[in-house]
């Protein structure tokens, strides 16, 4: 088969579904719409709500941060509508990778799968390091400090972040034991996390001072752009620099708080383990996004009402807001909730990572050994253990503040691919049953693409450079291994 044809060969939806029934690759279907909604809430509510709220209010938008969360929620909703249609039509593990294989072709699917592996692995590592920082803080308060050598790399001093690595390994063990167990653990953690968020909203509402909201949209301030590789790509290309405060400051803030929503698409990776995926996956995606948007907006309104935005803390704004009104007890409760909450984020990111890896392996684009499921637990245990060990090492050895932005660009790239896929499949396969249909096609997918590209252009040039390097490595792996071992390619050659 010519190289060009092999790059765009598509795997039909029917074949994708048939592959899920093979005994050695069949996953256990045990999840409900409630489980999926819990997964979505569990992964979205994390460092965004506990940290970014104060940072963005102080530096970008003031009290109008609530509007920034609304804007970011709308951008995510556009992508969520596209994900929901695909998930109801192709209830198969792999999320955007599987969707791209059915619509754009094998090579684009490989690229998006390779992208998701990076996004989810680094996302889990970043979150585990953040969790480690919260726990070390609590341990220091309790008089049980960790040695510097086991506290990670800080201020140029090398160390191994033991707590971060241990968390990843524990999460790996839970995922091997079964996705239903994972959902129960997540449900407990999410209950604690949402309770803490509701405490912020309900208790904090009693300490709101109306004058703190004035002006609700602070006067605009021009900001100097970055230089070299630290400059946003749009500044390098067009000379545009973002503004803080004012109306445009709301959109600048939206580009930052958007990343608080990253993770709702993880729900789609669990489609193959859902009892009624055509109905429940769209409900899980849209339900979790709606719940998180409402909570984000409520928290930002309360926090900017409790303390003037110019005085908000950027490290622990929720806890420090309660300290500022003389309630350190509630501040401690919030810090505990933040540490507990990050555990579920790590677990769900790792689950999404292993399912994408599993799907790519089952298609032959990665070694087939990684798509074998455990005879008892019915989970992809080999890929889970491999990825768990790798992520644990990365989390333990690497200071990854800059790499966190790679998670963002990877997610936005996936949004673009899924939105384009919805348009293509509507034209190529109008006969397919869609239990959920994205409204106003092609308008909604086109708006999703434009919104995602705009946010991508606001990321630093160095992030684009790192992303390009990872993609080049992926292309080498595809042509060196994946293209020659593709199950779809072998089927077509046999025909």
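The values are calculated or read from the model by the stated rules, or taken from the named source; none is laboratory data. Quick caveat: nothing in here was measured; it's all calculated off a predicted structure. All Cβ positions, even for glycine, are placed from backbone atoms using ideal geometry, and neighbour counts span all protein chains on display.
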Is it the case that some residue within the range 99-118 is in contact with a strand residue (DSSP E or B) (Cβ under 6 Å, 6 or more places away or on another chain) and either touching a residue at least 60 places away in the same chain (Cβ under 8 Å) or buried (at least 17 other Cβ atoms within 10 Å of the Cβ) (or both)? no
Taking the stated definitions as given, is residue 494 more than 26 Å from residue 280 (Cβ to Cβ) and more than 28 Å from the chain's Cα centre (by Cα)? yes
Matching residues in the range 320-340 - criterion: being under 23 Å from residue 59 (Cβ atoms), in contact (Cβ under 8 Å) with a residue 24 or more places away in the chain and part of a helix (DSSP H, G or I): 320, 321, 322, 334, 335, 338
With respect to residue 347, is the statement that it is closer than 30 Å to residue 449 by Cα, at pLDDT below 85 and part of a helix (DSSP H, G or I) true? yes
Select, from 256, 250, 281, the only residue that is over 30 Å from residue 379 (Cα atoms), within 26 Å of the chain's Cα centre (by Cα), modelled with pLDDT of 80 or more and crowded, with 17+ Cβ neighbours inside 10 Å. 250
Check the range 353-363 and report whether any residue there is modelled with pLDDT of 85 or more, over 21 Å from the mean Cα position of the chain (by Cα) and in a loop (DSSP other than H, G, I, E, B). yes
Lone unmet requirement of (1) surrounded by 16 or more Cβ atoms within 10 Å (Cβ to Cβ); (2) more than 25 Å from the chain's Cα centre (by Cα); (3) farther than 15 Å from residue 105 by Cβ for residue 489: (3)
Positions within the range 417-442 being part of a helix (DSSP H, G or I) and either at pLDDT below 90 or over 30 Å from residue 236 (Cβ atoms) (or both), in sequence order: 417, 418, 421, 422, 424, 425, 426, 427, 428
Counting only residues that are loosely packed, with under 14 Cβ neighbours inside 10 Å and within 19 Å of residue 58 (Cβ to Cβ), which one in the range 221-241 is modelled with the highest pLDDT? 221
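How many of the residues making up the range 119-151 are farther than 24 Å from residue 175 by Cβ and touching a residue at least 40 places away in the same chain (Cβ under 8 Å)? Please lay out each step first, then the result.
Step one: filter the range 119-151 for residues farther than 24 Å from residue 175 by Cβ, giving 136-151.
The next check asks that each one be touching a residue at least 40 places away in the same chain (Cβ under 8 Å); those that pass are 137-138.
Matching residues across the range 119-151 total 2.
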In the set 413, 370, 358, which member is crowded, with 24+ Cβ neighbours inside 10 Å and closer than 21 Å to residue 109 by Cβ? 358
Considering only residues that are surrounded by fewer than 24 Cβ atoms within 10 Å (Cβ to Cβ), more than 19 Å from the chain's Cα centre (by Cα) and not in a helix (DSSP H, G or I), look in the range 378-400 and name the one that is modelled with the highest pLDDT. 378
Residue by residue through the range 63-72, note down the ones that are under 19 Å from the mean Cα position of the chain (by Cα), at pLDDT 90 or above and surrounded by 23 or more Cβ atoms within 10 Å (Cβ to Cβ). 68, 69
Among (1) touching a helix residue (DSSP H, G or I) at 6+ places or on another chain (Cβ under 8 Å); (2) assigned to a helix (DSSP H, G or I), there is one condition residue 468 misses while meeting the rest; what is its number? (1)
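I'd like to verify a number: residues in the range 7-48 that are part of a helix (DSSP H, G or I), buried (at least 22 other Cβ atoms within 10 Å of the Cβ) and at pLDDT 75 or above, how many? Talk me through it step by step, then tell me what you get.
So the first thing to find is which residues in the range 7-48 are part of a helix (DSSP H, G or I), and the list is 7, 13-19, 23-25, 33-44, 47-48.
Remaining after also requiring buried (at least 22 other Cβ atoms within 10 Å of the Cβ): 13, 16, 35-44, 48.
From the residues that got through so far, the ones that are at pLDDT 75 or above too are 13, 16, 35-44.
The number of residues fulfilling the criteria is 12.
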